[in-house]
1. How far is it, in nm, from the label point at N41 to the one at A25 when both lie 7 Å from their Cα along the line to the Cβ?
2. Calculate, axis by axis, the spread of Cα positions in the stretch 239-296 along the three principal axes, and write the results as whole Å, longest axis first.
3. Can you give the FRET efficiency to the nearest 0.05 for D270 and A197, using r as the Cβ-Cβ distance and R₀ = 30 Å?
4. Taking all pairs of distinct Cα atoms, average 1/r, flip it, and tell me the Kirkwood hydrodynamic radius of the stretch 10-63 in Å to one decimal place.
5. Can you list, largest first and rounded to whole Å, the semi-axes you get for the stretch 128-264 by taking the square root of 5 times each eigenvalue of its Cα gyration tensor?
6. How big is D, in µm² s⁻¹, for the stretch 82-137 by Stokes-Einstein at 20 °C and 1.002 mPa s if Rh is the Kirkwood radius over C-alpha pairs?
7. Where nothing but the Cβ of Lys and Arg (+1) and of Asp and Glu (-1) is charged, how large is the charge dipole of the stretch 184-244 around its Cα centre, in debye to the nearest 20?
8. How far, in nm, would the chain grow between H249 and R338 when pulled straight, counting 0.36 nm per residue and subtracting the alpha carbon separation?
Amino acid sequence: MKKELGVGIVGLGWVAGAHINAMNAVNGANVTAICSRREHNVDELEAQFGIRPRVYQDLSDMLNDPDVDIVDICTPHPFHKDQAIAAAEAGKNLIIEKPLAINWDDAQAIRNAVQTAGVQACVCFECRFSAHFRMIRSVIDQGLLGEIHYAEVDYYHGIGPWYGQFDWNVKKDIGGSSLLTAGCHALDAMLMFMDGAVEEVTSYHTSSSSDTFKPYEYPTTSVSIVKFDDGHIGKVTSCIDCLQPYYFHIHLVGSEGSLLDNRFTSRKLDGLKSNQWSTLETSLIDSGSVDDHPYEPQFQAFINALQQNQQMPQTDIETAFESHRVAFAADCSANENRTVKLSSYR
């Protein structure tokens with residue numbers, strides 16, 4: 001593997017800017033190319049991002065660029081399938097913004113293409129690399145909560161006209177669902193914190209009556225109850241029609257203690273007050289802005305894995321695909337008003 005890997009960005013919107021800034025900060029990779037439907041002046045790109053990439057308007061041309069080792073897909077959701085499959089077939093490793101796709105067949109097609117091509121893919125469930133989530137996983141791994149039998153992980157983020165992706169996010173054939181377009185971060189987090197495979201899911205959805213969210217073509221709030229094969233349960237809310245500050249709620253209940261966001265109590269630590277929460281000082285996931293997302297540690301982990309010929313940790317294609325599998329089952333449950341077994345999504 002080359003010492004410095006070349007990254008080609010597909011799509012140059014808001015999230016791509018955050019990806020470029022993160023790539024500028026990692027070791028072992030540089031953005032060498034951009035593919036966009038719009039024309040871009042290299043001098044202006046250098047002034048904005050500090051890079052002088054080759055600029056393409058046709059993806060196939062960029063895929064023929066020998067200096068592009070990684071294709072980073074930052075386009076709206078429906079474009080992911082064709083772009084990811086083309087990149088995989090060209091032998092390029094992949095970074096794919098979440099969600100992988102907005103329907104089950106497309107998600108399967110992307111996964112199969114990555115497997116067949118033998119390339120690696122990193123899916124942008126970047127919250128797994130946040131200080132907050134790493135701290136929680138450390139508390140779990142050290143046994144301070146014991147065996148977790150119940151988890152609540154909820155995503156509250158009003159995505160209205162003030163938010164960059166609102167204009168296209170409201171469309172069902174682009175946004176897909178509340179869970180796919182945003183709340184999948186919470187679902188993925190719950191699967192990160194809970195050990196065990198999901199057996200079934202029951203989900204319901206609804207929408208705000210506020211005029212602010214009227215343009216949405218799909219229900220904007222969903223609640224999913226997840227049952228694991230060990231009998232443990234979890235609950236995930238995806239609410240993108242709330243009029244409140246951004247809030248990523250995490251509550252884990254175990255046999256030796258509980259964790260609430262960045263507070264916890266545990267019988268494993270002698271001397272803690274059992275009637276008060278103890279605070280764990282960390283940087284919370286408390287912003288919906290892509291500029292605040294922990295892309296840098298995720299991308300560094302991906303570059304390190306590629307250079308060391310190792311598996312991408314935490315957000316590899318198989319781990320991310322499992323989170324999508326549960327998300328599609330949850331949306332099916334809400335749409336058809338029935339419990340859905342995960343065995344029907346293989």
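1. 2.9
2. Extents along the principal axes, in whole Å: 40, 28, 17.
3. 0.30
4. After inverting the pairwise mean of 1/r, the radius is 11.4 Å.
5. Square roots of five times the eigenvalues give 30, 16, 12 Å.
6. Approximately 176 µm²/s, per Stokes-Einstein.
7. 240
8. Roughly 29.4 nm would be gained on extension.
Coordinate-derived values only; no laboratory data. Because the structure is a prediction, the values reported are computed rather than measured. Note that each Cβ is placed from the backbone with ideal geometry, even for glycine, and that neighbours are counted across all protein chains shown.
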